[in-house]
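What follows is one structure encoded as structure tokens, with my remarks underneath.
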Amino acid sequence: WDPDSTPNNNVASEDDQDSQIIGATQIDLSLVKTVDDATPNLNDTVTFMVVVSNAGPSDATGIEVQDILPTGLSFVGVTASVGTYTSSTGQWVVGTIPNQNSAQLEIQARVTDVNAVVNVAQVMKADQ
């Protein structure tokens, strides 16, 4: 005999029943890359801005972005709003971007070639 509940009656408020809700995390990452001067002179310094945004609905974790400077550009400096950037590998270990937030990376590079160059950045990894 159970004095405070009736077995098998599907009443959630009784102590003989409990439940847990589970759901997979979902992220929606986007990357935008811009440059402050698309027509620089030889030896000018340009700044590339990479912005990774998470439209959620979950927080994004374990994010890594790759942005390797191509031939024709020489690394000068970097500023990251979060995480760390390694110029020799082009790897930006971002870490976590909460839902509806973004992270920014600014890479300064000197133009070392008069030929046009293409600089590409892409999200390489996320835990979700």
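Observations on the model:
- Electrostatic bookkeeping for ASP36 treats Lys and Arg as +1 and Asp and Glu as -1; over the other residues with beta carbon under 11 Å from its beta carbon, the sum is -3.
- Rounded percent of accessible protein surface that carbon and sulfur make up, the chain, 1.4 Å probe: 48
- Label point 7 Å beyond Cα of VAL51 along Cβ direction - residues of the range 95-110 with amide nitrogen under 11 Å: 102-105
- Simple spin-label estimate for GLN66 and ASP15 gives 5.8 nm between the two label positions (7 Å along the Cα-to-Cβ direction from each Cα).
- Added length on full extension, which subtracts the Cα-Cα distance from 0.36 nm per residue, THR25 to THR6: 3.3 nm
- Panel values: the chain, Kirkwood radius from alpha carbon pairs, Stokes-Einstein at 10 °C and 1.306 mPa s, translational diffusion coefficient 91 µm²/s.
The values are calculated or read from the model by the stated rules, or taken from the named source; none is laboratory data. Note that the coordinates shown come from a computational prediction; the quantities given were computed from them, not determined experimentally. Using ideal geometry, Cβ is built from the backbone for each residue, glycine included, and neighbour counts are taken over all protein chains shown. Only protein heavy atoms, including side chains, enter the accessible area calculation; ligands, DNA and RNA are left aside. Shrake-Rupley method; radii C 1.70, N 1.55, O 1.52, S 1.80 Å.
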